Amino acid sequence: MVTVLLPAHVHTVPELDPRTEEQISHVINEAGNIVSRLQKSKPEIAVLLKTLRKENLTDVEKDQVREELKQEISTALKDGRISPGMTKSFTRVYVVLLMNGIELTKSEGSGSIVLYLGCRSVETLLTVRQMILSGLLLRLFSDVIKQFVQRQCQVQLVVQQEDYDMCLSCLSIAAGTNEKTLYSLVLFVKIVSQVCIVAFRYYTLKLLSCDNIDLHSMVFVNSVQRLR
């Protein structure tokens, strides 16, 4: 099974100092290692995720299973000595990522914080794109950065279009997707993206201010889709 790594750059205005970037990346990696060990040591996590993917679950049942998953992740993070404030933020991050089959393989700090999102299928990669365009990933990771930032700043999540296209191509080839099907997928994503842009712009006017963090727009650089 092929896993592609999509780099997502987290920028802040004003820029964070290199030491703070390294601290944030270190904690993100540490939390990721804890969750990875949890998945390997507790088969119950896979069972919970499989249960959440069942189509016949009621909303109440889904909430109950999701709460169990949150408790498992939260407990593991606390036992791993992640601070209470960070535990809450990371629990939200990993519940969403795991439910959507997305891996946060590592984080680096060098001019910006780079998150490497692991995807094993075209469907998962398309989900990542929608989560970026809808603002969901930005909000999740802004909560993490907020724990380190004392002053007001803007946070932006940037994915290069060429990086996304390369990941899409690799996964499509691995899955044996022909060019016609791939074109249809890309076209579908672009249409849905336009809807997300409109929705996100409306949401930006309504919300986008939380304590000392100003959630800013996400950009697919060199893409027609550009959120302001």
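The values are calculated or read from the model by the stated rules, or taken from the named source; none is laboratory data. Bear in mind that the values here come from a model prediction, so they are computed numbers and not experimental data. Because the Cβ atoms are built from the backbone with ideal geometry, glycine has one as well, and the counts that use them run over all protein chains shown.
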- prompt: Counting just the residues of the range 90-107 that are of a type in the set (Ser, Thr, Tyr) and in a strand (DSSP E or B), which one comes out surrounded by the fewest Cβ atoms within 10 Å (Cβ to Cβ)?
  reply: THR105
query: Only one residue in GLY118, GLY85, GLY32 is surrounded by fewer than 17 Cβ atoms within 10 Å (Cβ to Cβ), touching a residue at least 12 places away in the same chain (Cβ under 8 Å) and either assigned to a helix (DSSP H, G or I) or not basic (Lys, Arg) (or both), so which one is that?
result: GLY85
- prompt: Does the range 130-140 include one or more residues that are within 16 Å of GLY32 (Cβ to Cβ) and not acidic (Asp, Glu)?
  reply: yes
task: Report yes if SER142 is out of contact with any strand residue (DSSP E or B) (no Cβ under 8 Å at 6 or more places or on another chain) and touching a residue at least 40 places away in the same chain (Cβ under 8 Å), otherwise no.
output: no
query: Would you call THR124 closer than 28 Å to VAL47 by Cβ and at pLDDT below 90?
result: no
task: Can you tell me which residue within the range 58-82, out of those that are more than 13 Å from VAL35 (Cβ to Cβ) and touching a residue at least 12 places away in the same chain (Cβ under 8 Å), is nearest to the chain's Cα centre (by Cα)?
output: ARG66
- request: For the range 35-79, enumerate the residues that are outside any helix (DSSP H, G or I) and in contact with a Ser or Thr (Cβ under 9 Å, 6 or more places away or on another chain).
  value: LEU57
Selected residue (criterion: farthest from VAL93 (Cα to Cα)) from residues of the range 123-171 that are of a type in the set (Lys, Arg) and more than 12 Å from the chain's Cα centre (by Cα): ARG151
